[in-house]
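Notes follow once the structure below has been shown.
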Amino acid sequence: MNIECKNLIAGEWVDGPDSTPNLCPADTDQHLGSAPVSGSQAAHDAIAAAKAAQPAWAAVTAPARGAILYNLVRLLEQNTDRLAEALALEEGKILAEAKGEVAKTARYVEYAAGDCRRMAGMTVPSEIPGTWAMTAWNPLGVIGLITPWNFPVCIPLWKIAPAIAAGNAVVLKPAPETPATAHIIGELCLEAGVPPGVVNIVHGDAEPAKAIIEHPDVAAISFTGSTEVGLAIEARCGALHKPIQCEMGGKNPIIVLDDADIAAAAAAAAKGGFGSTGQRCTATSRAIVMESVADAFAAELAAHAATIRPGHPLDPSTTMGPSVSERQLDQVLKYMEIGRGEAEIPFGGHRLTEGALARGYFPAPTLLDRVSATARVATEEIFGPVLSMIRVKSVEEAIAVANGVRYGLTGSVYTSDLSRAFQVIQHLEAGITHVNNPTIGGEAHLPFGGIKHTGTGPREMGPGAWKFYAEEKAIYINHAGGSRKGNLY
């Protein structure tokens, strides 16, 4: 793969003032192309293009906008291999996981396309005789989208699709680590029939993102990324009185009770904790296990970890790819070192450097055992294949430990007792809960998002996803003529 990425502005591919090489994190000798390093001017140009294109796009009927999104669904399906290869090479996700991400993305876009026939207001009786009362939805205008590198197909499109379905134009600022997938998304949007200027893409880092957030013609911001960055964006948007939707960090627990299927729970923890190299906001990062089954759970987990084969993401025998970058690997290694002073390490705890792995950014799948609930490795987001095991004595203690962090995205409980399962999911402070399933996963027709320092603003995906990108208006129509009468204030 060799993709010379460019900015997409008003339907044209535009070079940036500078460029940076795009390297494969599994083998830094493998060059994948380049990407622009853009500044505020490119962002301003993209915003101007979006502002110019948006009124005509909003005038297109919603079902006709949906038809274009259905075109995009078909193109995603037809280009699965191409997108998945680009994703795997630049993000490091193994090819099977990358294909799964593209398939999921097609479902998200499909659901948003269907929303174009479901954007209903309501009619209600008015207190005023001879008056018809109803509501309608209008697009906000230009939307700024700032997205991360860990799901570089899913997340941009689960924002783009509902935003343009509602009649907005967007400016996407993708993560600098994954420019090629964003470039292909732009190509497919144009091929699907999205008019020039409705979807714009500006590559770069903090400077274009700041310009998008600050610009007065950007009506709202949807952001997915780290909690620290998200909180700063949230504060700035608050000062600007600009609607903000943030999906940020996670420290997701799997609770394993003493009546659980231990083999199934360990398999779920391994999948959630080590799959995608732990680079999911929904990744399992804490195993909260009852004392009586903790040793058995740890042994099962070690057996799963022993079968993991790190390697190049396009190698069909690989089951775990690298961290996305040297910076991210350093973050993971830092927490492994912290863990040496806070836990026992039955396996992992180091960088993998054997043979070809030395050319990439590979952390070992790692278990930190006998961790205190308040330890740094148990409370701070690591974003790597590192699982902290906390041993507890009761269901009540497990719930308290699970809730004892600032995050609240997802959580899971393994138990064979339905009453205990409902006790946990009722009290677990998370936007998404699972029973006898891994912490990972989401479906297009269900809301996705978290609470506490994980999420701000309305949920993404699900029946109401498009409503963040629209304004509800109440309408009163006097159809009887004459002066208004009734209970007026």
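The values are calculated or read from the model by the stated rules, or taken from the named source; none is laboratory data. Because the structure is a prediction, the values reported are computed rather than measured. Neighbour counts are summed over all protein chains in view; Cβ atoms, including those assigned to glycine, are modelled from backbone coordinates with ideal geometry. These area figures cover heavy atoms from the full protein model, side chains too; ligands, DNA and RNA do not enter into them. Shrake-Rupley method; radii C 1.70, N 1.55, O 1.52, S 1.80 Å.
Give the average over all directions of the projected area of the C-alpha convex hull of region 1-133, one decimal, in nm².
12.1
Kirkwood hydrodynamic radius of region 218-336 from all distinct Cα pairs, in Å? Don't skip to the answer; put the middle values down first.
Numbers: mean 1/r = 0.0595 Å⁻¹.
For region 218-336, the Kirkwood estimate is 16.8 Å.
Report the rotationally averaged projected area of region 304-399 based on its alpha-carbon convex hull, in square nanometres. All intermediate terms of the calculation are to be shown ahead of the outcome.
Values: hull surface 27.8 nm².
The directionally averaged projection comes out at 6.9 nm².
Run through the DSSP bridge list for the chain and note the antiparallel percent, rounded to the nearest 5.
Numbers: 28 of 67 bridges.
In the chain, DSSP labels about 40 percent of beta bridges as antiparallel.
Where the accessible area of the chain is counted over protein heavy atoms with a 1.4 Å probe, how much of it, in %, is carbon and sulfur?
The nonpolar share, carbon plus sulfur, comes to 54 percent.
Using only helices, what value at 222 nm comes out for the chain when you add -39,500 (n - 2.57) per DSSP H run of length 4 or more and divide by the total residues, to the nearest 500 deg cm²/dmol?
-12000 deg cm²/dmol
When only Cα pairs under 8 Å and 6 or more residues apart are kept, what is the percent relative contact order across the chain?
Details: 1184 pairs, mean separation 92.0, N = 489.
With pairs under 8 Å counted, the relative contact order is 19 percent.
Based on the Kirkwood radius over alpha-carbon pairs, what is the Stokes-Einstein translational diffusion coefficient of the chain at 37 °C with 0.692 mPa s viscosity, in µm²/s? Walk me through the intermediate numbers first.
Values: Rh = 23.5 Å.
Once the numbers are plugged in, D ends up at 139 µm²/s.
Helix 227-239 sits at what angle to the longest principal axis of the chain, using alpha carbons and giving 0 to 90 degrees rounded to 10?
20
What percentage of all Cα-Cα pairs in region 10-60 are separated by more than 17 Å?
Values: 696 of 1275 pairs.
That tail contains 55 percent of the Cα-Cα pairs.
Spin-label point model (7 Å from Cα, Cβ direction): what's the W13 to Q30 distance in nm?
Once both label points are built, they end up 2.2 nm from each other.
State which stretch of the chain is the longest one without any exposed trypsin sites (Lys or Arg not before Pro), exposure meaning a DSSP loop state and at most 16 other Cβ atoms within 10 Å.
Numbers: sites that count: R117, R118, R370, K393, R406, R484, K485.
Free of exposed loop sites, the longest segment is 119-369.
If each Cα of region 104-177 is one equal point scatterer, what is log10 of I(q)/I(0) from the Debye formula at q = 0.14, 0.16, 0.20 Å⁻¹?
-0.57, -0.67, -0.87
How much FRET efficiency would the formula 1/(1 + (r/R0)^6) give for A267 and A480, where r is the Cβ-Cβ distance and R0 is 51 Å, rounded to 0.05?
Working: r = 67 Å, r/R0 = 1.32.
Step by step, r from the Cβ atoms, then E = 0.15.
If contacts are Cα pairs under 8 angstrom and at least 6 residues apart, what is the relative contact order of region 171-288 in percent? Please list the in-between numbers first.
Values: 120 pairs, mean separation 22.9, N = 118.
This gives 19 percent for region 171-288.
Could you order T61, T131 by accessible surface area, starting with the largest, using a probe radius of 1.4 Å?
Numbers: T61 85, T131 20 Å².
Descending accessible area places them as T61, T131.
Taking the Cβ-Cβ separation of Q41 and R236 as r and a Förster radius of 25 Å, what is the calculated FRET efficiency to the nearest 0.05? Each step should come with its number before you reach the end.
Working: r = 20 Å, r/R0 = 0.80.
After rounding, the FRET efficiency stands at 0.80.
If you average the alpha carbon positions of region 8-51 and of region 450-473, how far apart do those two centres end up, in angstrom?
With region 8-51 and region 450-473 each reduced to a Cα centre, they are spaced 29 Å.
What is the distance in Å between the Cα centroid of region 222-275 and that of region 168-196?
What the calculation gives is 25 Å, centre to centre.
Longer than 22 Å from Cα to Cα, which of K104/K242; K173/K271; K251/K271; K93/K251; K6/K51 are they? Say none if no pair is.
Working: K104/K242 30 Å; K173/K271 30 Å; K251/K271 15 Å; K93/K251 20 Å; K6/K51 20 Å.
K104/K242; K173/K271, as the Cα separations exceed 22 Å there.
Would you kindly state how much longer the chain becomes between A64 and T131 on full extension, computed as 0.36 nm times their sequence separation minus their alpha carbon distance, in nm to one decimal?
Working: separation 67, 0.36 × 67 = 24.12 nm, distance 3.13 nm.
Answer, rounded to one decimal: 21.0 nm.
Please work out the average accessible area per residue across the chain, using the 1.4 Å probe convention, and give it in Å². Write out the running numbers ahead of the final one.
On the way: 18990 Å² over 489 residues.
Normalised by residue count, the accessible surface of the chain is 39 Å².
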